[in-house]
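Asker: Structure provided below as structure tokens; questions to follow.
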Amino acid sequence: QVQLVESGGGSVQAGGSLRLSCAASGYIYSVYCMGWFRQAPGKERERVAAIVTGGIVTYYADSVKGRFTISQDNAKNTLYLQMNSLKPEDTAVYYCAARSSGGYCYAGDYNYWGQGTQVTVSS
């Protein structure tokens with residue numbers, strides 16, 4: 001199994017930046033895809049970004065393209081989400097996720113989930 005723990009959330013003004021981190025532990029060698037999801041109150045969880053482990057391929061939701069960047073630090077077993085030019089619409093609980101199966105990393109179910117970190121963007 002894989003355990004994921006998010007950190008780096010907080011409250012910022014519109015136009016500001018945050019970097020979320022996701023520390024992975026356990027049987028991380030099985031991970032093929034990693035990604036970030038978010039869920040705002042009263043709304044369904046949505047996909048934000050995904051990355052193929054050990055590769056250079058990344059995927060982004062249209063709403064965050066050009067503003068968010070997903071990356072990995074293999075030495076630290078950590079996934080990151082750099083969020084720039086934040087908007088109030090970005091306010092949500094952000095979840096880190098991973099899966100052992102292959103395929104298109106921006107689609108399909110994920111096996112492992114963190115507990116989430118709150119991001120609040122005020123105007």
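Asker: If amide H atoms are built 1.01 Å from N in the plane of the peptide, which residues on other chains or at least 5 residues away come under 5 Å of the amide H of residue 116?
Answerer: Result for residue 116 returns 6, 96.
Asker: Could you list which residues have their amide H under 5 Å from that of residue 68, counting only those 5 or more apart in sequence or on another chain, with H placed in the peptide plane?
Answerer: 84
Asker: Do me a favour and compute the ellipsoid semi-axes for the range 30-96 from its Cα gyration tensor, root of five times each eigenvalue, largest one first, whole Å.
Answerer: Over the Cα atoms of the range 30-96, the semi-axes work out to 22, 13, 11 Å.
Asker: Still on this structure, please answer the following. With the cut-off at 1.5 for a/c, could you classify the range 73-119 from its C-alpha gyration tensor as rounded, prolate or oblate?
Answerer: Since a/c reaches 1.5 and a/b is larger than b/c, the shape of the range 73-119 is classed as prolate.
Asker: Shifting gears a bit: What is the set of long-range amide H partners of residue 3 at a cut-off below 5 Å, with H atoms built 1.01 Å from backbone N?
Answerer: For residue 3, whose amide H was placed from the backbone, the distant partners under 5 Å are 25, 26, 27.
Asker: Turning to a different aspect of this structure: Mind checking the full-extension length gain between residue 43 and residue 19? Use 0.36 nm per residue of separation minus the Cα-Cα distance, one decimal, nm.
Answerer: 6.3 nm
Asker: Spelling out what I want: for every residue of the range 10-15, take phi, set θ = phi - 60°, compute 6.51 cos²θ - 1.76 cosθ + 1.60 (Karplus), and round to whole Hz; glycine and proline get x.
Answerer: My calculation for the range 10-15 gives x, 10, 9, 7, 4, x Hz in order.
Asker: In sequence order, what are the phi-derived ³J(HN,Hα) couplings for the range 39-54 according to the Karplus relation 6.51 cos²θ - 1.76 cosθ + 1.60 with θ = phi - 60°, rounded to whole Hz, with x for glycine and proline?
Answerer: With the stated coefficients, the range 39-54 comes to 9, 8, x, x, 10, 6, 5, 10, 7, 10, 7, 8, 8, 8, 4, x Hz.
Asker: When the convex hull of the C-alpha atoms of the chain is computed, what volume per residue in Å³ does it have?
Answerer: It is 96 Å³ per residue.
Asker: Shifting gears a bit: If you count, for each residue, the other Cβ atoms within 10 Å and average over each peptide, how do 65-78, 32-45 line up from highest to lowest?
Answerer: Averaged packing, sorted descending, gives the order 32-45, 65-78.
Values quoted throughout were computed directly from the atomic coordinates according to the rules given, and no laboratory measurement underlies them. Values in this document were obtained by computation on a predicted structure and should not be read as measured data. Cβ coordinates were reconstructed from backbone atoms using ideal geometry, including for glycine residues, and neighbour counts include every protein chain displayed.
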